[in-house]
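Worksheet: the structure to be examined is printed underneath.
The values are calculated or read from the model by the stated rules, or taken from the named source; none is laboratory data. Every value quoted in this text rests on a predicted model; they were computed, and no experiment measured them. Note that we place each Cβ from the backbone using ideal geometry, even for glycine, and neighbour counts take in every protein chain shown.
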Amino acid sequence: MLGVGSSSPGIELSEYTSALARAGERILQGSSGTFWQMVEMRSLMRRPDFCLDVPSADEVRRVLWKARSPVATYIRFPDDQHPQNAWLYVCRDQGYGLANLGANVRRDIRRALRAFRIEFIDHSTLLKHGAECYCETRARAGLSDGTYGHFTQMYEGFGRNSAHQVLGAWAGDTLAAYMTLTVVDDWVDIYAYAANEHLNGCPNNGLIHFALDYFLVQQRFRLVNYGLSSIQEVSKAQGLHAFKKKVGFECVPVHRAFVFHPVLRPLANSLTLHGLRFCRRLRPGSPFLRRAAGMLATYLGHNPMPQDEANNKKT
């Protein structure tokens, strides 16, 4: 069931990055409508992450030195020197609808629309009702940061940026799942969290259907971005790949590049990777160790990415 409420229009990219900087985020200007944001492990990631233009070597060098960051990452189209090592998940179908999806997906979406009331919610409602969804989603991924403290830290300033919005799926007075949205210009980034108790009702299917219909069909946005395949060596990336593909997202083959700071480049080797993997086995739930090992494994070409079923059937 679709509830009340509506989204605010997307703000301009310059307004979005200014709001991030005011909130204490480290933001550096990029080229061609992009910017660099400091994320986990003080690494720099180019945003929007669906931009596939190749930044110049001078730009990458500049942001690494200015931010004193250990590594910068961006995505680009693959070629002979830069083979595919990741997937990008986007939907650009302004004719999106249930008729374009498989029978099983249509069934799951209809189940979700019967079971849940889906509507936009405000920041205070997320903080009051969303912790269980967040914590249990992180735990299902095998991560140790699914705590109430980390949840509040993640979202305490979330509502102060007008690009940030939230969709909720309600089972009565219980928030069964929520989706965070970053709405900028004519594109949207999404990420969904769901409580264990309500997974059988397929709330994420309902949230994704609502978002794709609302932004692509009704608001005529250019694209909805569901992020990149995980670089973590131990993850549920294969299942997520299959899920994102079946609910309507393109699986775009990309190369995820990692450029290490010149001072640290000599350490980006197999011996360091071996040490990170050993530490990860001692602390398997550590997000830091899982990302660090996955990043270096991807850089060295040792990290398998999710396989596409359609491609497998052709071979």
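The table below gives the values:
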{"item": "Boolean, Ala163 is in contact with a strand residue (DSSP E or B) (Cβ under 9 Å, 6 or more places away or on another chain), under 19 Å from Phe116 (Cβ atoms) and in contact (Cβ under 8 Å) with a residue 60 or more places away in the chain", "result": "no"}
{"item": "Hey, Ala242 within 30 Å of Met179 (Cα to Cα), modelled with pLDDT of 90 or more and assigned to a helix (DSSP H, G or I) or not", "result": "yes"}
{"item": "Among the residues listed as Val71, Val39, Val54, the single one being at pLDDT below 95 and surrounded by 14 or more Cβ atoms within 10 Å (Cβ to Cβ)", "result": "Val39"}
{"item": "Scope region 154-173; condition under 25 Å from Gly201 (Cβ atoms) and over 18 Å from the mean Cα position of the chain (by Cα); matching residues", "result": "Ala169, Trp170, Ala171, Gly172, Asp173"}
{"item": "Residues located in region 166-189, provided they are crowded, with 22+ Cβ neighbours inside 10 Å and free of Cβ contacts under 8 Å to residues at least 40 places away in the same chain", "result": "Met179"}
{"item": "Residue among Gly201, Gly206, Gly157 that alone is touching a residue at least 12 places away in the same chain (Cβ under 8 Å), within 24 Å of Ala237 (Cα to Cα) and surrounded by fewer than 22 Cβ atoms within 10 Å (Cβ to Cβ)", "result": "Gly201"}
{"item": "Checklist (1) over 20 Å from the mean Cα position of the chain (by Cα); (2) surrounded by 15 or more Cβ atoms within 10 Å (Cβ to Cβ) applied to Asn85, failing item", "result": "(1)"}
{"item": "Answer from Lys236, Lys246 - the residue that is under 17 Å from Met305 (Cβ atoms) and surrounded by fewer than 20 Cβ atoms within 10 Å (Cβ to Cβ)", "result": "Lys236"}
{"item": "Scope region 187-220; condition out of contact with any strand residue (DSSP E or B) (no Cβ under 9 Å at 6 or more places or on another chain), assigned to a helix (DSSP H, G or I) and either at positive phi or among the polar types (S, T, N, Q) (or both); matching residues", "result": "Asn196, Asn200, Asn205, Gln218"}
{"item": "Matching option when the condition is in contact with a Pro (Cβ under 7 Å, 6 or more places away or on another chain), surrounded by 15 or more Cβ atoms within 10 Å (Cβ to Cβ) and not in a loop (DSSP other than H, G, I, E, B), among Val254, Val259, Val224", "result": "Val254"}
{"item": "Residues located in region 269-288, provided they are closer than 19 Å to Arg256 by Cα and free of Cβ contacts under 8 Å to residues at least 40 places away in the same chain", "result": "Asn269, Ser270, Leu273"}
